[in-house]
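Undergrad: Take a look at this one; I'll ask things after.
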Protein chains: 2
Amino acid sequence: MCVNGTGETVRARTSGTEASAPPAPPAGQRPVGYRRVADLSHVVSPSMPTFDPEKPRREAVDPPLADGAFGFFQQRWTLLEHTGTHLDAPGHVVGGGRLVPDIRPEELVVPVAVIDIRDRARQDPDTVVTVDDLLAHEQRHGPIPSGAAVLMHSGWSRHWERGDEAVRGVAADDSWHFPGFGPEACEFLVSRRAVTGVGVDTLSTDPGASSDFPAHEVIGRADRWGLEALTGLDRIPPTGATLMVGVFPGEDASGGPSRVLALW
Amino acid sequence: MCVNGTGETVRARTSGTEASAPPAPPAGQRPVGYRRVADLSHVVSPSMPTFDPEKPRREAVDPPLADGAFGFFQQRWTLLEHTGTHLDAPGHVVGGGRLVPDIRPEELVVPVAVIDIRDRARQDPDTVVTVDDLLAHEQRHGPIPSGAAVLMHSGWSRHWERGDEAVRGVAADDSWHFPGFGPEACEFLVSRRAVTGVGVDTLSTDPGASSDFPAHEVIGRADRWGLEALTGLDRIPPTGATLMVGVFPGEDASGGPSRVLALW
């Protein structure tokens, strides 16, 4: 099988060279096994909530097709790399850090741990994921696997259809309020749990009230990725799923819109 | 386990409703098992080969960060939905056909069959995948699994770095020449093998010389997707891998740039 005794997945880096014969699965190896697939990505649209004021734009470049007619229809998009459900590469926040094309394929297919802070987030929009939350998760669900993506499940994606003001948690004084990761939890995850990345169901890895973005800094300086604006975290189990991060492979990209799927 | 006796993967559609408790993996179920991950996507850049004359554009919207400095860097992209490694939704070619957000998550994670026509394509750039090619593949590697993505491996992606003229196979009379799927093979795959989609390592599902695009029409009218401009097909086995299609989830999108990963 493909998993060792500690639950750590054994993965081989595929090289960019043209191999003469691809490695075939060993005789008797079963196809990749899973029962369920969930989509953790928002649809990207000009009216969607965003962290930046700039919204994605789209325009039809071919005429719409009449019902049942054969022809060609497509749109043109203009958008920032950090739009919708998206990945932050280390180079988004740290000069000289890795950009999207530098991220290896095996960093895009990883085990998941979902940290549920919904109860607290309902009371306090400024709450953050703490080291205690991570230890409580491990107590209940077992160790966070090496190489995991650790996802904050604050329940915040339920606000998505209500637009920017609700998703940003704009207060009377124009300050923003939504949950995120505390820097100590990020430090713990990169130094003690060897995570591949972290993810949130809000607009930013740091909480909305942050002005110095320490979670971004810890994650970026540790050469890990972040995923922002996830949805559907209530549909996947707290442990045992595999995440596939389909990040747009842009040249020199600091990040990119991502189709994120979970299998389990 | 998750695979029945015929190698057909059993998948459950996840609903869009907010479930109170996500289904946990049954006790003793192993995490999704795989040994290798390969990236089958080209990097998207303004100089990349394209079918349409329009190239993707990118511009930095934040100043580049000094080495080791903490800050924010990102780019803005303007691009057509059918740029780089990308998916064609049925509605790209058939009026009223499904668009990207209509494609279900379980249609984006599928078993793969790779049809190797490299020898013939080296001699004849106008060659197409035939029903005989599909039967010969099955003779050698076993039945194409139900729900599979069937990928043409013509070796054409080796021309990618040489630019438009090489990838389009432009002849002295300006006609285009690269391999593709024949319509009979597409008809066979949708009606006799229940495929989820087809893919090619060229710029189009139809061969470059086509002017009426019958492979597009058969696939689109059958409500299946196509993947174009794949790369790295020499790195994955002819059968036994699972494809993950990370297509950009654009509103009303006829298709989209896709991060395509294979696991096996």
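Undergrad: Can you report the number of residues in the range B:234-244 which are closer than 26 Å to B:Arg98 by Cβ and facing chain A (nearest Cβ under 7 Å)?
TA: Residues in the range B:234-244 being closer than 26 Å to B:Arg98 by Cβ and facing chain A (nearest Cβ under 7 Å): 2 in total.
Undergrad: Now, a different point. Look at the range B:252-264 and say how many of its residues are within 20 Å of A:Gly33 (Cβ to Cβ), within 7 Å of chain A (Cβ to nearest Cβ) and of a type in the set (A, V, I, L, M).
TA: Qualifying residue count, the range B:252-264: 2.
Undergrad: Something else now. Inside the range B:136-179, can you point out the residues that are free of Cβ contacts under 8 Å to residues at least 40 places away in the same chain and of a type in the set (Phe, Trp, Tyr)?
TA: B:Trp176
Undergrad: Please verify whether B:Pro249 is of a type outside the set (A, V, I, L, M), closer than 30 Å to A:Thr242 by Cα and within 12 Å of chain A (Cβ to nearest Cβ), treating the condition exactly as stated.
TA: Yes; evaluated as a whole, the condition is true for this residue.
Undergrad: Could you give every pair whose Cβ atoms fall below 8 Å, whose first residue belongs to the range B:75-86 and is free of Cβ contacts under 8 Å to residues at least 60 places away in the same chain, and whose second residue is of a type in the set (Ser, Thr, Tyr) and surrounded by 23 or more Cβ atoms within 10 Å (Cβ to Cβ), counting only separations of at least 6 or pairs across chains?
TA: Note: pairs meeting the criteria are B:Gln75/A:Ser254.
Undergrad: Additional query: Restricted to the range A:158-190, and to residues that are under 17 Å from A:Thr85 (Cβ atoms) and small (Gly, Ala, Ser), which residue is nearest to the chain's Cα centre (by Cα)?
TA: A:Gly180
Undergrad: Cβ-Cβ under 8 Å, sequence separation 6+ or interchain: first residue in the range B:102-130 and over 16 Å from B:Gly180 (Cα atoms), partner buried (at least 21 other Cβ atoms within 10 Å of the Cβ) and of a type in the set (Asp, Glu). Which pairs?
TA: Partner pairs satisfying both residue conditions: B:Pro105/A:Asp39; B:Leu108/A:Asp39.
Undergrad: Quick check: anything in the range A:204-213 charged (D, E, K, R), at the interface with chain B (Cβ under 10 Å from one of its Cβ atoms) and free of Cβ contacts under 8 Å to residues at least 12 places away in the same chain?
TA: yes
Undergrad: Okay, moving on. Please specify each residue of the range B:60-114 satisfying the condition of being more than 8 Å from chain A (Cβ to nearest Cβ) and surrounded by fewer than 17 Cβ atoms within 10 Å (Cβ to Cβ).
TA: B:Ala60, B:Asp62, B:Pro63, B:Asp102, B:Arg104 - these are the residues of the range B:60-114 that are more than 8 Å from chain A (Cβ to nearest Cβ) and surrounded by fewer than 17 Cβ atoms within 10 Å (Cβ to Cβ).
Undergrad: While we're on this one: Could you list all residues from the range A:222-233 that are in contact with a strand residue (DSSP E or B) (Cβ under 7 Å, 6 or more places away or on another chain) and either facing another protein chain (nearest Cβ under 7 Å) or more than 24 Å from B:Met48 (Cβ to Cβ) (or both)?
TA: A:Arg224, A:Gly226, A:Leu227, A:Glu228, A:Ala229, A:Leu230, A:Gly232, A:Leu233
Undergrad: Another question about this same structure. Within the range A:44-59, restricting attention to residues that are in a strand (DSSP E or B) and either within 21 Å of the chain's Cα centre (by Cα) or not basic (Lys, Arg) (or both), which residue is nearest to the other protein chains (Cβ to nearest Cβ)?
TA: A:Val44
Laboratory data are not the source of any read-out in this text; all were calculated from the coordinates shown. Model, not experiment: these values are computed from the prediction. Virtual Cβ from ideal backbone geometry, glycine too; neighbours counted across all protein chains shown.
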